[in-house]
Amino acid sequence: MPPGRFRLKENDQIFFLHIPKTGGMSLKQILKHRVGEDRFHQIPIHKFGEAHAQELASYRCIRAHWDYGFFRALSRKPVYITMLRQPVSRMLSLYGMIQRKPDSRWYTEDIHRFIDTIGAQRLQVHFLAGTISGRPLAGEGLLEVALTRLEECACYGITEYFRLSADLLCATFGWPKISSLEIRNEAALGEKPQADREIVAHIEETCRMDLKLYQVALEPFLARTASAA
């Protein structure tokens with residue numbers, strides 16, 4: 001994934017594999033600006049099954065809360081990009097989002113129950129490995145596939161380094177740098193839950209593969225951003 005070396009062909013499509021609560025709403029604005037609003041398309045999760053390759057063919061960039069297996073909805077394999085986030089922060093943010101949606105089927109006031117249900121089923125490794133829509137994997141096999149998929153991405157960012165991630169995205173595709181950056185956050189100030197040591201330990205145990213994924217991804221990411229500077 002050397003910055004500035006990925007040349008998009010005329011018929012290439014970018015798929016933004018948007019893992020929930022990784023800063024994707026901010027990245028979406030950058031992508032829309034760079035490819036053109038009329039060539040950017042986002043698919044709501046409840047309408048994913050309605051996506052057809054012929055209808056999607058005209059878009060330069062597609063965003064969805066879906067996993068690596070999205071390519072099955074397209075006529076050709078897309079150019080993947082994604083974002084990762086420190087797993088404890090992401091899980092707390094995900095829980096905070098659900099708390100603002102009491103009509104959600106995932107809603108519960110018990111954070112430990114939440115971690116054991118949606119948290120355990122929607123890890124970042126699941127999105128990268130393609131197990132949201134594909135066959136189940138477990139253990140080190142899941143992590144290995146997720147790391148392989150991450151390396152296949154033309155570019156990936158890290159939420160905690162969003163400015164660097166935006167610069168790397170632009171450098172990778174040869175786009176002009178973003179002069180002003182609006183970081184969007186749907187959560188109001190003070191709405192994110194506080195976590196004690198017990199909750200953090202529970203998240204770290206549940207997200208141990210995500211923690212490994214994040215640790216492995218961080219060093220090459222920082223090296224690539226340094227090269228892109």
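The values are calculated or read from the model by the stated rules, or taken from the named source; none is laboratory data. In this text the structure is predicted, and so the values were computed from the model without any measurement. Note that we place each Cβ from the backbone using ideal geometry, even for glycine, and neighbour counts take in every protein chain shown.
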For the structure I just gave you, tell me whether residue 45 is buried (at least 18 other Cβ atoms within 10 Å of the Cβ) and either touching a Cys at 6+ places or on another chain (Cβ under 9 Å) or at pLDDT below 90 (or both). no
Going by the structure shown, is residue 154 surrounded by 13 or more Cβ atoms within 10 Å (Cβ to Cβ), more than 18 Å from the chain's Cα centre (by Cα), at pLDDT 90 or above and within 20 Å of residue 218 (Cβ to Cβ)? no
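Being aliphatic (A, V, I, L, M), surrounded by fewer than 20 Cβ atoms within 10 Å (Cβ to Cβ) and out of contact with any Phe, Trp or Tyr (no Cβ under 6 Å at 6 or more places or on another chain) narrows it down to one of 27, 56, so name that one. Give the steps one after another, and end with the answer.
Numbers: 27 fails: surrounded by fewer than 20 Cβ atoms within 10 Å (Cβ to Cβ).
Checking each option against the conditions leaves just 56.
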Is the range 95-114 home to any residue that is under 21 Å from residue 198 (Cα atoms), within 14 Å of the chain's Cα centre (by Cα) and polar (S, T, N, Q)? no
Residue 76 vs (1) within 29 Å of residue 111 (Cβ to Cβ); (2) outside any helix (DSSP H, G or I): all pass except (1)
Which of the numbered conditions does residue 215 fail, given that it passes all the others? Conditions: (1) of a type in the set (S, T, N, Q); (2) modelled with pLDDT under 95; (3) assigned to a helix (DSSP H, G or I). (2)
